[in-house]
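Below: the structure, in structure tokens.
The numbers here are math on the coordinates, done by the rules we state, and not lab data. Remember, predicted model here, so these are calculated numbers, not experimental data. When we count neighbours, we look across all protein chains shown, and the Cβ atoms used for this are built from the backbone with ideal geometry, even at glycine.
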Amino acid sequence: MVKVALLVRLQAKPGKETAVARFLESALDLANQEATTPVWFALRLGPSTFGIFDAFADEAGRTAHLAGPIAAALMANASELLSEPPQIEHVDVLAAKLPQ
């Protein structure tokens, strides 16, 4: 059962929308390699607004993810792709329906 999550908003620089979408699509391979990240979604919220939602069983999983390769790649590319720093919110999962 997932108990904690991250909700991240990303605002692409003008002209970088396609690059942000490709970056997020490519991050799926990294997410699949993270044993402590059972839920991971890359989202397009609007023409230039993107998001990531990922959930974890516990705080240790969330902390490991924030120290992992996706977060590192995002921060390494943020100044090139994003018009502002990522807005990272730590959230609690109250209820979830996941595939068995």
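Computed values, structure above
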quantity: Members of the range 41-60 found to be of a type in the set (Gly, Ala, Ser) and part of a strand (DSSP E or B), listed by number; calculated: ALA42, GLY51, ALA55
quantity: Selection count, the range 75-85, where residues are without any contact (Cβ under 8 Å) to a residue 60 or more places away in the chain and assigned to a helix (DSSP H, G or I); calculated: 5
quantity: Of all residues making up the range 1-22, the number that are loosely packed, with under 15 Cβ neighbours inside 10 Å and in a loop (DSSP other than H, G, I, E, B); calculated: 3
quantity: Of the criteria (1) in contact with an Asp or Glu (Cβ under 7 Å, 6 or more places away or on another chain); (2) outside any strand (DSSP E or B); (3) of a type outside the set (Gly, Ala, Ser), which one GLU25 fails; calculated: (1)
quantity: Hits in the range 61-73 - residues which are in a helix (DSSP H, G or I) and touching a helix residue (DSSP H, G or I) at 6+ places or on another chain (Cβ under 8 Å); calculated: HIS65, PRO69, ILE70, ALA71, ALA73
quantity: Extreme residue, farthest from ALA5 (Cα to Cα), among residues of the range 31-64 that are of a type in the set (S, T, N, Q) and out of contact with any His (no Cβ under 7 Å at 6 or more places or on another chain); calculated: SER48
quantity: Matching entry among ASP58, ASP54 (being in contact with a strand residue (DSSP E or B) (Cβ under 6 Å, 6 or more places away or on another chain), of a type in the set (Asp, Glu) and within 21 Å of LYS97 (Cβ to Cβ)); calculated: ASP54
quantity: The range 28-40 - residue that is aliphatic (A, V, I, L, M) and part of a helix (DSSP H, G or I) and, of those, surrounded by the fewest Cβ atoms within 10 Å (Cβ to Cβ); calculated: LEU28
